[in-house]
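In what follows, a structure is listed as structure tokens, so that the remarks can point back to it.
What follows draws every value from the coordinates through simple rules; no lab data is involved. Every value quoted in this text rests on a predicted model; they were computed, and no experiment measured them. Neighbour counts run over all protein chains shown; Cβ positions are idealised from the backbone, glycine included.
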Amino acid sequence: MARGQKIGVLTFHKCINYGSYWQARCLAEGLRARGHQVELLDHDCKCVRRAEVRCAMQPALPDRTPVNELKLYAGKTRRFLRAIAQLPLSKRFSLHEPETAGEYDAIVVGSDEVWNFRHPWYGSKPIFFGDGLKAGRLVSYAASFGNHSAWDGMHPSWAGKLDRFSSLSVRDENSWHLVRNGTGREPAMVLDPCLQFGDAIPSEAAGEQEPYALVYGHRFPQWLKGRVRRWARDRGLRLVSLGYSNDFADEQRIDADPHEFAQMMAGAQAVITNFFHGCVFALLNGKPWASAPSDYRSIKIPDLATLLGAQRRLVDERTSDKQLSALLDTPVQPDVQSNIQRARARSGDYLDAALS
């Protein structure tokens, strides 16, 4: 593997979102551990900044954030901005002027939904397909098309842009089919950086006085709320909602920063989530977990579960109280952990070859 290259990482590093923060940091630190000089390409756009703040303050639209919670969401946003400022950032440049980003030996695009044509503010931005970037090579790592289904395909003009990538990898089967059908190339299937480079994430648990289960996400279905409440009550557990407000939780930790998020995940007795990185962090920490994916995440969460053999963790209205309780009482199975280890080896081999 070539050592000491100057590498730029192009991703969604400024999202007010725990998963986006940690996948960006983990990928940068994972590449640094391989001996490279690494910067996150600090693209900027006033419209994107406004969209991020609106989403951070009103995350559950069309349901409006209650007035008494706005201060907490504002505090969360400020804490995120401080954490993002500590990342290894490049000089700032316009999202719409990628040619001003500087020159690199390689630029790694990913992970996150960098190729999602349906993303509300980053969708169909040519920079994420390599336009205008100055690099000896372009590489994708764990890139995703998000909720843009493979059944909808990819226009040849966008597929053609991927031809400039010397190496392609994705993190989900839906994205694999989009790349394969659009370009004729078979991308590697690799792990999300949080699972691949989990050593970059603090492993110490939060110093909580009482045991708790973690709720991560929003707009959970009513049938799940009641079943989770009964399960927690029967076990004497507090339900702590992290990052967002959920009416069925006992406590709201809306303003947690990314480090507190990692610590709370590490200390939880179980995780109830409808977010992709809620599943990822539960897997990373070996926690019992269950997920009822939202419509927006109805592709990427099932694909992650299938990749790692954790399909039984996905629940719906047909799931009984007994079945849900069994999931939330049972840690990640050894076969799933073995699948993660094998996927880590494959992902590491891909990166070494792509940057050699």
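Listed values for the stretch 286-296 are Karplus-derived 3J(HN,Hα) couplings in whole Hz (6.51 cos²θ - 1.76 cosθ + 1.60, θ = phi - 60°), namely x, 8, x, 7, 8, 9, 10, x, 6, 4, 5, and x replaces Gly and Pro. From the alpha carbon centroid of the stretch 54-80 to that of the stretch 215-287 is 18 Å.
Based on DSSP, what percent of beta bridges with both residues in the stretch 204-338 are antiparallel, to the nearest 5? Before the final figure, lay out the partial values.
On the way: 0 of 14 bridges.
Of those bridges, close to 0 percent are antiparallel.
I'd like the FRET efficiency for residue 222 and residue 105, computed as 1/(1 + (r/R0)^6) with the beta carbon distance as r and R0 of 51 Å, rounded to 0.05.
Values: r = 52 Å, r/R0 = 1.02.
With R0 = 51 Å, the Cβ-Cβ based efficiency is 0.45.
Among 98, 211, 62, the residue with the largest mean-square fluctuation in a Gaussian network model of the chain, with springs joining Cα atoms closer than 10 Å, is 62.
Think of the stretch 204-338 as a dipole: +1 on every Lys or Arg Cβ, -1 on every Asp or Glu Cβ, centred on the Cα centre; then among 292, 252, 262, 292 lies furthest on the positive end.
Applying a threshold of 32 Å to the alpha-carbon distances of 14/300; 71/225; 76/287; 76/300; 14/71; 76/161 flags 76/161 as lying beyond it. Taking amide hydrogens as placed 1.01 Å from N in the peptide plane, the amide H of residue 89 sits under 5 Å from those of 40, each at least 5 positions away in sequence or on another chain.
Mind checking the angle between helix 258-267 and the chain's longest principal axis? C-alpha axes, 0 to 90 degrees, to the nearest 10. The answer is roughly 50 degrees. In degrees from 0 to 90, rounded to the nearest 10, what is the angle of the helix 46-57 Cα long axis to the longest principal axis of the chain? Approximately 10 degrees, to the nearest 10.
Computed over neighbours whose Cβ is under 14 Å from that of residue 245, the net charge equals 0, Lys and Arg +1, Asp and Glu -1. Of all the options 156, 88, 258, the one that moves most in a Gaussian network model of the chain with Cα springs shorter than 10 angstrom is 156. Determine which residues of the stretch 115-157 fall in the zone a paramagnetic label at residue 296 would reach in this model, i.e. backbone nitrogen under 11 Å from the point 7 Å along Cα→Cβ. What the label zone holds, given the 11 Å backbone N cut-off, is 119-121, 147. As a proxy for reagent exposure, ranking 259, 13, 155, 96 by other Cβ atoms within 10 Å from fewest up yields 155, 96, 259, 13. A simple charge model with +1 on the Cβ of Lys and Arg, -1 on the Cβ of Asp and Glu and nothing else charged puts the dipole of the stretch 155-200 at about 260 debye relative to its Cα centre.
As a proxy for reagent exposure, ranking 318, 92 by other Cβ atoms within 10 Å from fewest up yields 318, 92.
Just checking the listed ones, 157, 20, 291: in the Gaussian network model of the chain with Cα springs under 10 Å, the one fluctuating most is 157. Evaluated with a Cβ-only charge set (Lys, Arg +1; Asp, Glu -1), the chain carries a dipole of roughly 320 debye about its Cα centre, given to the nearest 20.
Counting only DSSP H runs of at least 4 residues, each contributing -39500 (n - 2.57), and dividing by the residue count of the chain, the helix-based mean residue ellipticity at 222 nm comes to -12000 deg cm²/dmol.
Would the chain count as rounded, prolate or oblate if I go by the C-alpha gyration tensor, calling it rounded below 1.5 in a/c and otherwise prolate when a/b exceeds b/c, oblate otherwise? Here the chain falls in the prolate category.
What order do you get for 26, 47, 55 when you list them from fewest to most C-beta neighbours inside 10 Å?
Values: 26 21, 47 10, 55 16.
The fewest-first ordering by Cβ neighbours comes to 47, 55, 26.
Here's the list of aspartates and glutamates a cross-link from residue 6 could span, going by alpha-carbon distance under 14 Å and ignoring same-chain residues fewer than 8 apart: 29, 39, 103, 105.
Relative to the longest principal axis of the Cα atoms of the chain, the long axis of helix 334-354 makes an angle of roughly 20 degrees. Taking the Cα centre of the stretch 98-162 as origin and assigning +1 to Lys and Arg Cβ atoms and -1 to Asp and Glu Cβ atoms, the resulting dipole is close to 100 debye.
For residue 229 and residue 339 in one chain, what is 0.36 nm times their gap in residues minus the Cα-Cα distance, to one decimal in nm?
36.5 nm
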